[in-house]
Amino acid sequence: MNFDEYQKAANRTLMGKEQVLTNCALGLTGESGEVADLVRKYTFQSAKLNKQQLTKEMGDVLWYLSQIAEWADISFDQVASENISRLEKRYPTPSNHLNQVN
């Protein structure tokens, strides 16, 4: 599935039309906080990283981002492509030092 397909499929679950942008922006901050809390517990409380829960919360973040883009009539594929283009300019040499959790 590409990002534009995701954006359109996710939009069918958007409820309401008034103050959609505000609702999505606030929802994004809440779900981002859920991701950050899982990482915080892993990093500082020696909790096992629950990948299933992390995947769910990241999906919620993705949903809110896609709906903000939908509201603004911005292709989610365009958001992703422009972000990668900026990252390639900022980091022209690939990094191989990411810490991976197994």
Checklist entry - Name the pairs whose Cβ atoms lie under 9 Å apart, with the first residue in the stretch 1-16 and free of Cβ contacts under 8 Å to residues at least 60 places away in the same chain and exposed (fewer than 10 other Cβ atoms within 10 Å of the Cβ), the second hydrophobic (A, V, I, L, M, F, W, C) and not in a helix (DSSP H, G or I), and 6 or more positions between them or separate chains? => result none
Checklist entry - Can you name every residue in the stretch 46-82 that is more than 28 Å from Gly16 (Cβ to Cβ) and among the polar types (S, T, N, Q)? => result Ser46, Asn50, Gln52, Ser81
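For Gln78, indicate whether it is at pLDDT below 95 and in contact with an Asp or Glu (Cβ under 9 Å, 6 or more places away or on another chain). Before the answer, list the steps.
Working: at pLDDT below 95: yes; in contact with an Asp or Glu (Cβ under 9 Å, 6 or more places away or on another chain): yes.
In short, yes.
Just the residues that are in a helix (DSSP H, G or I) and more than 18 Å from the chain's Cα centre (by Cα), please, taken from the stretch 1-54. Walk me through how you get there before you give the answer.
Our first condition is that a residue be in a helix (DSSP H, G or I); within the stretch 1-54, this holds for 3-11, 20-44, 51-54.
Those that are in a helix (DSSP H, G or I) and more than 18 Å from the chain's Cα centre (by Cα): Lys41, Tyr42, Thr43, Phe44.
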Next on the checklist: Based on this model, can you work out whether Leu28 counts as more than 21 Å from Asn83 (Cβ to Cβ) and either hydrophobic (A, V, I, L, M, F, W, C) or surrounded by 14 or more Cβ atoms within 10 Å (Cβ to Cβ) (or both)?
Outcome noted: no
Checklist outcome for this item: Expected output for the stretch 85-102 (first residue surrounded by fewer than 10 Cβ atoms within 10 Å (Cβ to Cβ), partner outside any loop (DSSP other than H, G, I, E, B) and at pLDDT 90 or above, Cβ below 9 Å, 6+ apart or cross-chain) is Val101/Tyr42; Val101/Lys51
Next on the checklist: Looking at the stretch 69-76, can you tell me whether even one residue there is surrounded by 12 or more Cβ atoms within 10 Å (Cβ to Cβ), in contact with a Gly (Cβ under 7 Å, 6 or more places away or on another chain) and touching a residue at least 40 places away in the same chain (Cβ under 8 Å)?
Outcome noted: no
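The values are calculated or read from the model by the stated rules, or taken from the named source; none is laboratory data. If you're wondering where the values come from, they're calculated on a predicted model, not measured in any experiment. Cβ atoms come from the backbone with ideal geometry, glycine included; neighbour counts cover every protein chain shown.
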